[in-house]
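This report refers to the structure that appears directly beneath it.
Taken together, the values in this text are just the output of simple stated rules run on the coordinates, not laboratory data. Predicted model, so just to flag it, every value in this text is computed and none were measured. Cβ: placed from backbone, ideal geometry, glycine included. Neighbour counts: every protein chain shown.
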Amino acid sequence: MNDGIIRVEQLVKRFGAFTAVDGVSFDVKRGEIMGFLGPNGAGKSTIIRMLCGLLRPTSGRALVAGIDVARDPERVRGQIGYMSQKFSLYSDLTVIENLRFFGGIYGVKRSELGERIRFATEMAGLAGRETALVSTLAGGWKQRLALGCAILHRPPVLFLDEPTSGVDPVSRRRFWDLIHDMAADGVTILVSTHYMDEAEYANRIALISQGKLIALGSPDHLKHRALGGQLVLVEATRIAEALDTLPSRPGIIDVAPFGNALHVLVDDADRAARELPAWLAGHGIPGARVSRIEPSLEDTFVELVGHRAPVPLVSA
Amino acid sequence: MKLNRIRAIAVKEALQIWRDPRSLMIALAMPFMQMCLLGYGVSVDIKHIPVCVWDQQANQDSQDLLKRFQSSQYFQVVGAFDNARAVTAAIDDGRCRVALVIPPDFSARLGDSSRSAVQALIDATDDNTANIAIGYAQAIVSAYSADAWSEALSRRGVPALAQPVALESRVWFNEALESRNFIVPGIVAIVMALVGAQLTSLTISREWERGTMELLVSTPVTPLELMIGKLAPYFGVGMLDAFFCLGLAVFWFTVPFRGALSTLLFATALFLVVVLGIGYLLSVLIRSQLGASQIALLVTLLPTTMLSGYAFPIDQMPGVIQAITYLVHSRYYVTVLKAIFLKGAGVTEIAFPLAAMVVYAGLVTYLAARAFRKTVD
């Protein structure tokens, strides 16, 4: 028996002729934070919706807390908390009314509800604002309240679909602190984002592009091992010529434009930093500066997908 | 099924109704307006038909006849002319619907029944009114002529004769023969059918449009719990409206109420479940608020006004149409309302329409609960 609390095997979802999710498989361990990273439209939401039982998979299998989602969605729903990118609380109800409502439909015992609501309001920083209409709250508060509503029934698994989109950086940071606290309590969290920097807070990251899982691993693993080499930054005057010339040199794996410079993937960054300026000068491109850089997730993404994401990823 | 969840949904829905002025407007103002509009607007009584006269005789006898027209509540003399062209013009431009022409030798012919005649010209664009006008005019003229006959006889020393056959009529149930008494209970049914379906037609589509449905679907709530929880507060609002409409019928339109209040409330609650269920079903099937509310109006308004028998008697319809009326939910409630109001019917007399409503309510709620799928694709 595998200890994966979420198991996904060859999951496929087609909408007519369009394949939104194309044979995705992965496991998530108990208490792990798994980040889904990919551009909008890559299929992140579709996978999460299938795991929540909102969409029926075309084929493949998904187990959440040992329950087959397609076969017994109702039992799964009692085990999960779900929060979606579209803010989806009742904006014409107050904070406390929303909490009572979700407490009620998640079947939280009345004796526990008061304590759970207190916990959620404190966690969301909304203590003292219980009677405010949700429509009057700022984005960060709404989003923490949505999280509060999703965890009232202490679900062992939490699905967060782009929970921080449209929220200011300070609130995002605070939100991730909450996520880490919950993971420390043993809650398994699957969270999707298109913020590169945010994904690094996750224990493991699944890179998703055009419905396919293209890489899976810790942020470090993805940035170094999955990249397949080391990264140098090449700054030169005739950047377009350098882009054409560089791939011909042995030891260079890939070259990609990056602003006014080039990101060059090499087998040995230190050697490249020593030898490249002279080599480039010999090819009519004098005065190039070459420096080793720490790869970002975006470099990995670009390298693995073979091109830049069709919709740019945000590295705010 | 968990009571906790149903309660949570009902409370939430009630709060949303309270904070949504549009729902509240529909819920409270619409029944009042419709009751007044329909209660005053719809009347099949034909009274005060405008009459023009061309009295060529102009003496005691002709004035006597015209006075009978004038004093009847069915006719109202609106003009007198002295030539045929003016009379024709008055009918043409709609100033009068009936023109009475009294010949110059009216008095001379009076004693001679075979020859005396009064001409009535009738505008029959509205054939029903024309028919009724002819009937009333005939009745007035025959009464006049019977009186003239017996007067003539008594002048010759013959004692007044009793009529050989006289119709002794007793009017039951609607003694005053007021069409309002017949129609207003039916209007209550129309208003309830319209308002009920409108109320719930928005409830699911609103969740889709505001993006709250996705979250709701991800929770363990079942379709049946959702339906019961959502319908409960609207049932309360609907019963309030029903009290309001029935109260207006009894105290404002003074329709006689002869049945038992408990029977009325039972039937009303049953009908309310049917109409709320229809609105809910439409809301589940059509995911836009506007679409659902338009379709709800369409499917309730037309069949209810035309085929429920509230004003147009079902037994006068062609056989095929009569068969179709059995599919119209409000038909049963109209029947029940009229029977309870005017005849004071008890449960046994209206067992069939009540049973039909029970079946209807069961079917609609079953379909609505079935139609709701807990997926978003």
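Could you list, by residue number, the cysteines of the protein assembly as shown that have no other cysteine's beta carbon within less than 4.7 Å of their beta carbon?
A:52, A:149, B:36, B:245
Taking all pairs of different Cα atoms in chain A, averaging 1/r and flipping that mean, what Kirkwood radius in angstroms comes out? Walk me through the numbers before you get to the answer.
Values: mean 1/r = 0.0466 Å⁻¹.
One over the average 1/r among Cα pairs gives 21.4 Å for chain A.
In what sequence do A:241, A:115 fall when counting other Cβ within 10 Å, fewest first?
With the sparsest Cβ surroundings first, the list reads A:115, A:241.
Where in chain B is the longest stretch that carries no GluC sites (Glu not before Pro) classed as loop by DSSP and with at most 11 other Cβ atoms within 10 Å?
Details: sites that count: B:168, B:175.
In short, B:176-377.
Can you count the Lys pairs in chain B whose Cα atoms are under 30 Å apart, with each pair 8 or more apart or on different chains?
9
In debye, nearest 20, what is the charge dipole magnitude of the protein assembly as shown about its Cα centre with +1 on Lys and Arg Cβ and -1 on Asp and Glu Cβ, if you could check?
Details: 65 positive and 63 negative charges, 262 e Å.
In total the dipole reaches around 1260 debye.
How would you classify the range B:49-155 from its alpha-carbon gyration tensor, with a ≥ b ≥ c the square roots of the eigenvalues: rounded for a/c under 1.5, else prolate if a/b is greater than b/c, otherwise oblate?
Numbers: a/c = 2.11, a/b = 1.53, b/c = 1.38.
Prolate, since a/c reaches 1.5 and a/b exceeds b/c.
Need one value for B:369-375: mean number of C-beta atoms belonging to other chains within 10 Å of its residues' C-beta atoms.
Values: counts 0, 0, 0, 0, 1, 5, 7.
Mean partner-chain Cβ count within 10 Å for B:369-375: 2.
For the range A:47-164, rounded, prolate or oblate, judged on the Cα gyration tensor with a ≥ b ≥ c (square roots of eigenvalues), a/c < 1.5 rounded, else prolate if a/b > b/c? Display every interim value, and only then the final one.
Numbers: a/c = 2.59, a/b = 1.69, b/c = 1.53.
Note, shape of the range A:47-164 comes out prolate.
To the nearest 10 degrees, how steep is helix B:127-155 against the longest Cα principal axis of chain B, on a 0 to 90 scale?
30
Could you work out Rg/(2.2 N^0.38 Å) for chain B, with Rg from alpha carbons only? Could you put the intermediate results ahead of the total?
On the way: Rg = 28.8 Å, N = 377, 2.2 N^0.38 = 21.0 Å.
Here the Cα radius of gyration is 1.37 times the empirical estimate.
Ignore the peptide's own chain and count Cβ atoms of other chains within 10 Å of each Cβ in A:103-110; give me the average, rounded. Let's see the in-between values first.
Working: counts 2, 14, 16, 6, 7, 2, 1, 1.
Rounded to a whole number, the mean comes out at 6.
For helix B:289-307, what angle does its Cα long axis make with the longest principal axis of chain B, in degrees from 0 to 90 and rounded to 10?
40
Let me confirm one metric for peptide B:11-19, namely the mean number of other chain beta-carbon atoms within 10 Å of its residues' beta-carbons. Write down the numbers at each step before the final one.
Details: counts 5, 10, 1, 0, 7, 4, 0, 1, 6.
Per residue, the number of nearby Cβ atoms from other chains is 4 on average.
Over all alpha-carbon pairs of the protein assembly as shown, lay out the pair-distance distribution in 10 Å bins, whole %, shortest bin first.
3, 12, 15, 14, 12, 11, 8, 7, 6, 5, 3, 2, 1, 0, 0, 0
Using a 10 Å cut-off around each Cβ, can you sort B:358, B:141 from fewest to most neighbouring Cβ atoms? Write out the running numbers ahead of the final one.
Numbers: B:358 14, B:141 17.
Taking fewest neighbouring Cβ atoms as first place, the list is B:358, B:141.
Calculate the radius of gyration of the Cα atoms of the range A:135-219 to one decimal place, then report Dmax, the largest Cα-Cα distance, as a whole number, both in Å.
13.3, 41
Explain nothing, just the number: relative contact order of chain A, from Cα pairs under 8 Å at least 6 residues apart, as a whole percent.
19
Exposure proxy check: A:74, A:200 ranked by fewest other beta carbons within 10 Å?
Numbers: A:74 12, A:200 18.
Going from sparsest to densest Cβ surroundings: A:74, A:200.
Kirkwood-based Rg over Rh for the range B:229-377 (C-alpha set), two decimals? Don't jump to the answer; show the numbers that get you there.
Working: Rg = 16.3 Å, Rh = 16.5 Å.
A ratio of 0.99.
To the nearest 10 degrees, how steep is helix B:21-41 against the longest Cα principal axis of chain B, on a 0 to 90 scale?
Long axis of B:21-41 versus the principal axis of chain B: about 20 degrees.
Which number do you get for Rg(Cα) / (2.2 N^0.38 Å) in the range A:168-316? All intermediate terms of the calculation are to be shown ahead of the outcome.
Numbers: Rg = 17.9 Å, N = 149, 2.2 N^0.38 = 14.7 Å.
Normalised by 2.2 N^0.38 Å, the Cα Rg of the range A:168-316 equals 1.22.
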